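The values are calculated or read from the model by the stated rules, or taken from the named source; none is laboratory data. Model, not experiment: these values are computed from the prediction. Cβ placement follows ideal geometry from the backbone for every residue including glycine, while neighbour counts extend to all protein chains displayed. Surface areas here come from the heavy atoms of the whole protein model, side chains and all, with no ligands, DNA or RNA. Shrake-Rupley method; radii C 1.70, N 1.55, O 1.52, S 1.80 Å.
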Amino acid sequence: MFILGINAYHADSSAAIFKDGQMIAATEEERFRRVKHWAGFPSMAVEFCLREAGISLSQLDHIAIGRDPKAKMDKKLMFLLKNPGGGWSAVLDRVKNSRKVSSLEEEFIKIDPSVSKQDIKQKIHQVEHHRSHLASAFFASPFEEAALLSIDGSGDFSTTMIGIGRGNQIEVLDSVDFPHSVGIFYTAFTQLLGFPHYGDEYKVMGLAPYGEAKYVDKLKEVLEFTSDGLFKLNMKYFRSAKSGIVSYGDNHIPKVAPLFSEHMSEKFGAARKKEEPLTQYHKDMAASVQRITEELVFHILTVLQKRTGLQNVCIAGGVAQNSVANGKITRNTPFSNVYIPSAGHDAGISMGAAMYVYNHVLKQPRAKPIWSAYTGSRFTNEEIEKYLKSRNIEYTRYNDDELYNKVSEQLINSGVVGWFNGRAEFGPRALGARSIIADPRRTDAKDLLNAKIKRRESFRPFAPSILKEYVHEYFEVNDEVPFMEKVFPIKKEKHSVIPAVTHADGTGRLQTVDKNVTPRYYNLIDVFRQKTGVPVLLNTSFNENEPIVNSPEDALECFLRTNMDMLVLENCVVERKKA
Ligand SMILES: [Fe+2]
């Protein structure tokens, strides 16, 4: 049985395909379109999934879209009545989007005109946004039973949903309706701190360790924790939802409207302009916003744990990208185990919608848990050689052992290496398939990377990839973190061993590298360990102000545009001096 899931007309549009419950391919559309967070119909991702499955469109049994315009219709109508004029366009925006959903069949037919609209129509299932998030986390998890949390900006008129997963079923316990949203809260302050773009929230998270959380009490005026284990916003601080929260122009780039009201600027200061410096006040605000968000997540989870009595929790949604909060859950709530999928953000909606249909709707048994994010594009050495020759690029093809040796020597000699290996990652993190890597022992690695490639804000940390067996030697918490979804404190005595990946507060957003999941990346780090005694590499995404590279062409273009020292495309190596 083949099921295709899609996230369409929404930021981070994507497609995922399952054969008998096993995910065989999944990818974001942005990787092909080369436009960050691309939000239209994911036709290239769909074509990719069909190619990987070796089937045509007509051979799909079901198509799941992670959006249900009919969801919460009564609440939407109430919202319209209570917000005459002002609220209309926020809901109208959703009505417009629902019209787009109804033209899905037309989009599919463009991919394969031999298929009839009727055939497509009868295969489509609409799965509500947060149920798709819950399914992406629970059905991919190793747990037979778990408490579930979906938490984000908003989707299908909800912003948060809690539930229980048992076997192949999901039960929804409660939800919070738009516009009360912790995503909106965090984004409003992200904007106030001078980061206006869609997806900029991680900058506030990166800035927070430089400040003191002095303003948490003041923020409790804005974000109120409620006794039912949920929360509400004080809407005085937020702009009325006149034109929706996120809009998508003809270029399919998501744009967030300014979310804070004049009242918020009066209470917390005017929005920082891009060219204005980040002061201690901004850093303290970042620390406070991050702290109250963590406290809210712990509040929701503590009550949810009491209500369910379970030890396992699965989390997804935009706020589940807050790796600092995620890393603290087992130490601040009664939950013992936390699973968050590699695409916990909206791209994961495609995967979740398909799993919801397979497990919950069709009542099929669960497949194996998902520990690998490597479900994207892949290229053989032969394809790569053909491409490099067509571009007249000098390269050398090495066997695996020679390659690990060559690359590790380059890293030790202060090299910055573009590492393109196997299938691309599904989700926002590079995990050693499309990564830029460097020596984590260098105190100047951040400057080196910023000078050679990234030119990003100096306060943002770089992350460590660490061999799974050595986590307990380097980190205060010993847990599997396959998708860089959690931040843990680094042991004090190791701060000076891996300074390039130790953040200002002594933490690291780690990836635990498993030999069975990604053997070539594991072997490379292991050769580096044999030479240096350190089982860690600095790993940052392979890109430069663009989506993560997908094809050899994207990687070569990025290499040529920047001052990276070496480009590794599977077993083929291009060196700067020869390029
Ligand atoms: Fe979402």
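Just a few scattered comments:
- Across the accessible surface of the chain, with the other protein chains kept in place and a 1.4 Å probe, carbon and sulfur atoms take up 49 percent.
- Using the Cβ-Cβ distance between Asp61 and Glu557 with R0 = 30 Å, the FRET efficiency computed as 1/(1 + (r/R0)^6) comes to roughly 0.20.
- In this structure the chain gives 38 Å² per residue of accessible area when probed at 1.4 Å with all protein chains present.
- Neighbour cut-off at most 16 other Cβ (10 Å), DSSP loop, chymotrypsin sites (Phe, Trp or Tyr not before Pro), the range 464-571: none
- Modelled this way, with points 7 Å down the Cα-to-C-beta line, the labels at Met235 and Lys368 are 5.0 nm from one another.
- Proportion of all alpha-carbon pairs of the range 95-174 beyond 22 Å (%): 43
- Counting 0.36 nm for each residue step from Asp217 to Thr443 and taking away their Cα separation leaves a gain of 77.7 nm.
- Nearest-0.05 FRET efficiency for Asp505 and Leu173, computed from C-beta distance (R0 45 Å): 0.85
- Our note on the geometry: Cα centres of the range 549-579 and the range 333-367, 35 Å apart.
- The local environment of Asn326, defined by Cβ-Cβ distances under 12 Å, has a net charge of +1 under the rule Lys, Arg +1 and Asp, Glu -1.
- Two-decimal Rg to Rh for the range 1-89 - Kirkwood Rh, Cα set: 1.14
- Per residue, the convex hull around the alpha carbon atoms of the range 250-294 comes to 121 Å³.
- The sum of -39500 (n - 2.57) across all DSSP H runs of n ≥ 4, divided by the residue count of the chain, sets its helix-only mean residue ellipticity at 222 nm to -10000 deg cm²/dmol.
- Cβ-Cβ FRET estimate between Asp228 and Lys19, R0 fixed at 60 Å, reported to 0.05: 0.90
- In a reduced charge model with +1 at each Lys and Arg Cβ and -1 at each Asp and Glu Cβ, the range 135-271 shows a dipole moment near 480 debye about its Cα centre.
- The simple spin-label model puts a point 7 Å past each Cα toward its Cβ; for Arg307 and Asn450 those points are separated by 4.4 nm.
- Rg(Cα)/(2.2 N^0.38 Å) for the chain, N = residue count: 0.94
- Sparse-neighbourhood loop sites, trypsin sites (Lys or Arg not before Pro) in the range 1-48 - DSSP loop, at most 16 other Cβ within 10 angstrom: Arg34
- The alpha carbon gyration tensor of the range 328-446 gives principal lengths a ≥ b ≥ c with a/c of 1.5 or higher and a/b no greater than b/c, which makes the shape oblate.
- Gyration tensor verdict on the range 215-274 (Cα atoms; rounded if a/c is under 1.5, prolate if a/b is larger than b/c, oblate otherwise): oblate
- Assuming charge only on the beta carbon of Lys and Arg (+1) and of Asp and Glu (-1), the dipole of the chain about its Cα centre is about 740 debye to the nearest 20.
- Kirkwood Rh and Cα Rg combined as Rg over Rh, evaluated for the range 445-579: 0.96
- Prolate/oblate/rounded call for the range 260-411, Cα gyration tensor, a/c under 1.5 rounded: oblate
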